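The values are calculated or read from the model by the stated rules, or taken from the named source; none is laboratory data. As the structure is a computational prediction, the values presented were derived from the model and not from experiment. Note: ideal-geometry Cβ built from the backbone for every residue, glycine included; neighbour counts use all protein chains shown. For accessibility, only protein heavy atoms count, side chains too; no ligands or nucleic acids. Shrake-Rupley method; radii C 1.70, N 1.55, O 1.52, S 1.80 Å.
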Amino acid sequence: MTDRVIDLRSDTVTKPSPAMRRAMAEAEVGDDVYLEDPTVNRLQARAAEIFDREAGLFVPSGSMGNLISIMAQTVRGQEVICEAAGHIYNYEMASMSAIGAVLPRVIPAEDGIMSWEQISAAIREKSYARAQTALVALENTHNMAGGTVYPTHLAHEICEKAHGTGIKVHLDGARIFNAAMHLGQSVAEITRGFDSVQFCFSKGLGAPLGSMIVGSGDLVERCRVIRKMLGGGMRQVGILAAAALVALEEGPKRLHVDHENAQVLARGLAQSPGIKINPDKVQTNIVLYDVGDTGLTSTQFLQKLAERRVLGGAVDSRRVRMVTHLDVDCRDVEAAVRIVREVIGAGF
């Protein structure tokens, strides 16, 4: 048993660093609804600069950022094409339909990566009897496909061809900096063709909360209105934007460590009896694996791990997700692998 909890449930569980806490305590603030919070304004401008966009908008969460982006680029009764295992379809409380009044049209894709051929086949023909396709939404990295990354040429092709048909493209880039690290390219380059991009400060980058929408000036102004409509207008929020600024500048520099630790985890699990995983498919910091052959359900498996102070998350009855992040190091990951083997060894 480890002497401390090794929390691999998500990269959202990280605690703010001392530098973030100092920045929050010392942040210059104002009323952001009046556009008067200087720290928020600085964060939005810096994010826009990094992504080579005209403007940015700070929002409380990635789910809100995705919903705002969808609502800003669709009208009621239209369709949004997205991948079947995607976050906006499975983990955002059906908000695009319940609040945005648009219909998801889902495409199951290998490793969560849709091709233009798949997307084009799903675009509705022009007919007043059918909901019309207004938006394509991609996810990079793809959470429930195990942190897989869109090849940049494919993302560019999808954007170019979708625009050629009059359809806009949104990117759920919650972990886009992980994708950029894997590809060895800038976030500006890999997101160049998208009409809107949402990314998170709290996933991998270490901030306690917050996400950002970047895009054209006109789009961001429309998003600001919708943010207010959804209750996301915030006041002296510079205390949070200050932490996000530290995350934005410092967080991406060390993501390669999380990716390396994910490889240690994946390769250790691959050598464990009863566990199915292909480490070659682990591209970033998310590790999905099948425990069905251990004789345990994912819930039973995770309960036994939790008794030994290792935490993960269940995807379904067979699959488990673990995510590396800045609050676990290589020794923690190696300890987690050892405890996994102890747990499944007891059943063999």
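In the chain, with Lys and Arg counted as +1 and Asp and Glu as -1 at Cβ, which of these residues, Gln44, His182, Leu230, has the Cα nearest the positive end of the dipole, that is, farthest along it? Of Gln44, His182, Leu230, it is Leu230. Our coupling estimate for segment 76-83, obtained by passing each phi through the Karplus curve with A = 6.51, B = -1.76, C = 1.60 and θ = phi - 60°, is 3, x, 8, 10, 10, 7, 8, 7 Hz, Gly and Pro reported as x. Extension gain, Arg254-Glu125: 0.36 nm per intervening residue step, less the Cα-Cα distance, totals 41.9 nm. Based on alpha-carbon atoms, the Kirkwood radius and the radius of gyration of segment 242-309 give Rg/Rh equal to 1.12. Name the most mobile residue of His259, His153, His142, meaning the one with the largest mean-square fluctuation, in a Gaussian network model of the chain with Cα contacts below 10 Å. Checking each option, the largest mean-square fluctuation is seen for His153.
Choose one of Ile88, Thr191, Leu67: the residue whose Cα lies farthest towards the positive end of the charge dipole of segment 66-215 (beta-carbon charges +1 Lys, Arg; -1 Asp, Glu; about the Cα centre). Checking the options against the dipole of segment 66-215, the answer is Leu67. Taken about its Cα centre, segment 180-311 carries a charge dipole of about 360 debye when Lys and Arg each add +1 at the Cβ and Asp and Glu each add -1 at the Cβ. Only protein atoms count toward the accessible area here, which uses a 1.4 Å probe; on segment 207-287, the carbon and sulfur part of that area reaches 55 percent. Taking only Cα atoms, what is the 0 to 90° angle, nearest 10, from helix 255-270's long axis to the longest principal axis of the chain? Here the helix axis deviates by roughly 40 degrees. Could you list, in their original order, any pairs among Lys15/Lys253; Lys161/Lys203; Lys15/Lys228; Lys203/Lys276; Lys15/Lys281; Lys126/Lys168 whose Cα atoms are separated by more than 20 Å? Going by Cα-Cα distance, Lys161/Lys203; Lys15/Lys228; Lys203/Lys276; Lys15/Lys281 fall outside the 20 Å limit.
Under a model in which nothing but the beta-carbon of Lys, Arg (+1) and Asp, Glu (-1) is charged, the chain shows a dipole of about 620 debye around its Cα centre. For segment 26-69, a crude dipole built from +1 on the beta carbon of Lys and Arg and -1 on the beta carbon of Asp and Glu, taken about the Cα centre, is about 240 debye to the nearest 20. Karplus-derived 3J(HN,Hα) values for segment 44-52, using 6.51 cos²θ - 1.76 cosθ + 1.60 with θ = phi - 60°, are 5, 5, 5, 4, 4, 5, 4, 8, 6 Hz; glycine and proline are entered as x. Average accessible surface for the chain: 42 Å² per residue, computed with a 1.4 Å probe over protein heavy atoms with every protein chain in place. Working note: Debye formula, equal point scatterers on the alpha-carbon atoms of segment 143-243, no solvent; log10 I(q)/I(0) at q = 0.14, 0.15, 0.20 Å⁻¹ is -0.63, -0.72, -1.15.
Rg and Dmax over the alpha-carbon atoms of segment 273-318 stand at 11.0, 30 Å. Helices in the chain, meaning DSSP H runs of at least 4 residues, each add -39500 (n - 2.57). Divided by all residues, the mean residue ellipticity at 222 nm is -12000 deg cm²/dmol. Helix 217-229 and the longest principal axis of the Cα set of the chain meet at an angle near 70°. In the chain, once you exclude exposed trypsin sites (Lys or Arg not before Pro) (DSSP loop, at most 11 other Cβ within 10 angstrom), what's the longest stretch remaining? Answer from the scan: 131-348. For segment 1-128, the fraction of alpha-carbon pairs lying more than 25 Å apart is 50 percent, rounded to a whole number. Helix 330-345 versus the longest principal axis of the chain: what is the Cα-based angle in degrees, 0 to 90, to the nearest 10? It is inclined by approximately 60 degrees.
Multiplying the residue separation of His163 and Asp293 by 0.36 nm and removing their Cα-Cα distance gives an extension gain of 42.2 nm.
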